[in-house]
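Report on one structure; see the data block that follows.
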Amino acid sequence: MLDKIKDDIKTVLDEFLTQAKLKNRSVLVLGFSTSEAAGGYIGHHSSLEVAKAVYDVLYPLLVEKGVYLAAQCCEHLNRALVIEEELANKLNLDIVNVVPQLHAGGASAVTAYSLFNSPVVVEHIKADAGIDIGGTLIGMHLKEVAVPIHTSQQFVGDATVLCARTRAKFIGGERAVYNNDLL
């Protein structure tokens, strides 16, 4: 099953990163239910092994592209996010004092906390893009305006996967001219 999960996330990422138009220093929020990916119900069967399988593929690709990862915690930590301290400082975000645990934060957040160079937790961020594995509701952490990205791979393990990028708002109506680089 772990090999399938790795193959699934690799396919999602290849297509997502091509379409998402992420630049160096962009922020990607990841909501990830390892329970759902392993065939269970969200919040009931957290798995560090499943989280590690996804992060083994995801994290090196994001680092290579210079994209910051914001790993969403579960609802027990109010969907706070594990990020690098460097990013928190860059965005002037307030750091909160909590260390994610398997059943208070979730396996994804625990894995991110263990991988990051200098992990911290923040309550809010406005990310440039997002991947939601298992219906974790990442929309609250995306910039306006979210644009869905469709990938041929619609599941990671047994969990549905939804992807989005964001774009600048259109203003000015029919007489306005828009910058195609911001679409």
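Each value in this text was obtained by applying a stated rule to the coordinates, not by laboratory testing. Bear in mind the structure is a predicted one, so any value in this text is a computation, not a measurement. Note that each Cβ is placed from the backbone with ideal geometry, even for glycine, and that neighbours are counted across all protein chains shown.
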Nearest 10 degrees, 0 to 90: helix 2-20 Cα axis against the chain principal axis: 10
Most mobile of 24, 78, 97 in a GNM of the chain (Cα contacts under 10 Å): 97
Descending semi-axes in Å of the chain, equivalent ellipsoid built from Cα gyration tensor: 26, 20, 14
Reachable lysines from residue 23, criterion Cα separation under 21 angstrom, eight or more residues apart if same chain: 10, 65, 90, 126, 143, 169
Packing-based exposure ordering (other Cβ within 10 Å, fewest first) of 14, 132: 14, 132
Acute angle (nearest 10 degrees) that the helix 48-65 long axis makes with the longest principal axis of the chain, alpha-carbon atoms: 30
